1. Using amide H atoms built 1.01 Å from N in the peptide plane, name the residues 5+ places from Leu262, or on other chains, whose amide H lies under 5 Å from its own.
2. Just check region 758-841 against the gyration tensor rule for me: Cα atoms, a ≥ b ≥ c as the square roots of the eigenvalues, rounded for a/c under 1.5, and otherwise prolate or oblate depending on whether a/b exceeds b/c.
3. Does the chain come out rounded, prolate or oblate by the C-alpha gyration tensor, with a ≥ b ≥ c the root eigenvalues, rounded set by a/c under 1.5 and, if not, prolate when a/b is larger than b/c and oblate if not?
4. Can you work out ³J(HN,Hα) from phi for every residue in region 170-176, in order, using Karplus 6.51 cos²θ - 1.76 cosθ + 1.60 and θ = phi - 60°, giving whole Hz and x for Gly and Pro?
5. Positive end of the dipole of region 307-431, charges at C-beta (+1 Lys, Arg; -1 Asp, Glu), about the Cα centre: which of Leu387, His405, Val333 has its Cα farthest in that direction?
6. How high is the relative contact order of the chain, given as a whole-number percent (alpha carbon pairs under 8 Å, six or more residues apart)?
7. Could you order Lys823, Lys512 by accessible surface area, starting with the largest, using a probe radius of 1.4 Å?
8. Taking 51 Å as R0, compute the FRET efficiency from the Cβ-Cβ separation of Thr15 and Asp677 and round it to 0.05.
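The values are calculated or read from the model by the stated rules, or taken from the named source; none is laboratory data. Computed from a predicted structure; not experimentally measured. All Cβ positions, even for glycine, are placed from backbone atoms using ideal geometry, and neighbour counts span all protein chains on display. Ligands, DNA and RNA are excluded from the accessible area calculation, which covers all protein heavy atoms including side chains. Shrake-Rupley method; radii C 1.70, N 1.55, O 1.52, S 1.80 Å.
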Amino acid sequence: MKDAAPQTIYLADYTPPSHLVDAVHLTFKLGATNTRVVSRIAFRPNPKAVSNVFFLHGEDLALISAKIDGQPITPDLSAEGLRCAVPDTPFIFEAEVEISPATNTALEGLYMSNGMYCTQCEAEGFRKITYYPDRPDVMAVFTVRIEGDLPVLLSNGNPVAAGDGWAEWHDPWPKPAYLFALVAGDLVAHSDTFITKSGRDVDLNIWVRPGGDEGKCVFGMKALKASMKWDEDVYGREYDLDLFNIVAVDDFNAGAMENKGLNIFNASAVLASPETATDANFETIEAIIAHEYFHNWTGNRITCRDWFQLCLKEGLTVFRDQQFTGDMRSHAVKRIDDAIVLRAYQFREDNGPLAHPVRPDSFVEINNFYTATVYEKGAEVIGMLKLLVGDDAYAKALDLYFERHDGDAATIEDWLQLFADTTGRDLSQFAKWYSQAGTPRITVTDDYADGTYRLHLRQETPATPGQDKKEPLLIPIAVGLLNNNGAEVVPTTVLELTDAEQTFTFGGLADKPVPSVLRNFSAPVIVHHERTNAERAFLLAHDTDPFNKWDAGRTLAQDLLMRMIRDDATPDEAFLDGLAAVLRDDTLDPAFRALVLRLPSEEDTAQTLFDAGDTPDPAAINQAHETLKLHIAQHLQDTLPRIYADMIVTGPYTPDAGPAGKRALGNAAVSLISKLDGGKQAARQFAQADNMTQQLGALRALLQISKGADELTAFAQQWQHDRLVMDKWFGLQVSLAAPDQAAATAKRLTAHPDFDIKNPNRFRAVFGGLKSNTAGFHHASGAAYDLLADWLIKLDPLNPQTTARMTTSFDTWRRYDTDRQDKMRAALTRIARTPDLSRDTAEIVTRILG
Ligand code: B3K
Ligand code: ZN
């Protein structure tokens, strides 16, 4: 490992910065391997400092010269930064450094992507650009001059002046260094304007490289304008510059980045056309554009004091983008989608070696904490808070947040204080959601006598690494009661579970009701509720809460899969009839019906089995899933062609929720039909498709039945010049390969001339595809483990962030039998022993191995 004893950073050790920055002037003299960065920084001592030792972060910089108040100095340099003596009054620090963007494959700091200069500074990338206090609680006004032989030169804020080969930018809003951005390239803009509610014109641009992407910005622009309007309408937040730029970049570690006034996007998170993007891609793009835009207030105007507070901006901004998508599309479908994602990624994290609190209390590499727990569980915590205090109190607290903390680098304590101040509630128990890791289990039992129904709830959170003892949390459990005819006798009520065990009483009921517990997924918990399948089928048919109606079907399916795996059970009519009834119910949203038809993933079944004390067998799980799908197809044989025909969308393609829902159900139907007709219908759909949703849906249906070789070839021929579509081509083959072929397919594709280890999207397509093929990844041969380890070892010196992220594929290793455990441990150990392993990957491997 590069750093023999990587340093652990603790929340408890936070101290205020020694110096504050009033203004920064930066000049970039661009050169692919020799960019000069000249800085002029106005410092003053921080009155709140506990130490006056002056330290500037800086990594991989060649220092050319440094001055304090115009006098040359020779500072002490280390691998982490620079120290020097400074006056105890305000002073000017100047430096010139040289960096090499063209060889920066880590994609952090200033780097090049297909001839374009671009930056990624969150969390700690600015220190790879110049010497600076690279911490979010140091906020400053930036003025930037860019000199370079490229037509488009962009930075944050507003343009000040420009000439041949240079441009100057000024951002009037003080910001931390992680929000700095620079882009330079041969770019073209798709432009529009937005008039804010107070009547100011804002110029909007989406910048792309010329040569094919120009036509893929229409949807992103529409999403941006919708986001700007929504934030005004719902949160009263207006945009605060004259210009908002988005740039699409091919090589990017994350989805996108909210740099002030200059958002930089992974091309996959902004570019879309009906022919090249699926409905799901459109929805994701809309959400990411909204998310980055919403950060302008929740993240940029109010930022985080330190990186432990990351959920302050990320949890809140995810919550806001979820609300936005619900408003744009369907709240019911969005809630189900979010629960699927949370259970798949966050529950997996919370129940394994990488579990950490929403606000972690220590880290080695902060980039490893951009996790489902910080983001998605962070959003759930805000959703619970809103449910507990009510919509009006939430709105009041948010207004106060923007008033009280505008311009601040704030903390979770600041955030909770708003709610305490506006509601008078003591939120000390609720605050534990931020510090206690793990997914609470809620055990539900009930009884009924003499008109009174009693619901008993018990909560328990299993131990997580470093946290053996868990305390009861304040958990909002939304409950409704139905009578035997399916009528709601007690409408949705939010119960506040605060103790380890608690009983809630409902009087005046003529019969024992059927409870619908955790409506709308009111808390990120796992519910254990022993109930008959007849009761579950009843809820699938009658629950008025769409989330629980869907979840009843989901639980039935999971229960059935477990019985098939454990006891060789055959699929029972109760489940299949319940499914058929939902599918045939034309009053239900097709998108909802498509979700009900979708089985839990194999990974989900493995997790559920492990939770129940079993050792999951990936091959047996795969077998059960395939068998169940075939039974479903056979049971729905007569209905599927009718549904498929009903879901045909006429007229020009739009990615709106209505037609997208129909295509989702159409694709679910064609996938089942393929199990019966050998892929005839899917092949027809592939041949006729005029949009990516149907083309890919058909290809997927064919690959699932081990057909589609000709279609795969045709697809590659059609799309060989479109990187984003080819990512789908790479990914799909691996994720849908037969379990014994998955590793070989991935290996073959890494030898394809278009495989590029340096492009994170392509690397993730192949190896993310391998991870998502649960039975293939965990094939008994261990071939996938070895292949992934080989490639992670190759990638680590090039791109530590993406390597560390992909290493988490091994985090479920303790779930499996000893043979698989041994193989995964060997793969992890091989990674751990790699000389000069990055801090990022070293931290993940160490935590996974425990
Ligand atoms: N804040 C960025 C993520 C940066 C990732 C750093 N490793 C995108 C977002 O959450 O909006
Ligand atoms: Zn974010």
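1. When sequence neighbours closer than 5 places are left aside, the close amide H contacts are Gly157, Asn245.
2. On the way: a/c = 2.15, a/b = 1.33, b/c = 1.62.
Oblate shape, in that a/c is at least 1.5 and b/c is the bigger or equal ratio.
3. Values: a/c = 1.64, a/b = 1.39, b/c = 1.18.
Since a/c reaches 1.5 and a/b is larger than b/c, the shape of the chain is classed as prolate.
4. Rounded to whole hertz, the list is 9, 10, x, 8, x, 8, x.
5. Of the options given, the answer is Val333.
6. Numbers: 1655 pairs, mean separation 77.0, N = 850.
Across the chain, relative contact order equals 9 percent.
7. Values: Lys823 60, Lys512 90 Å².
Reading off the accessible areas and sorting them downward yields Lys512, Lys823.
8. Details: r = 68 Å, r/R0 = 1.33.
E between Thr15 and Asp677, to the nearest 0.05, is 0.15.
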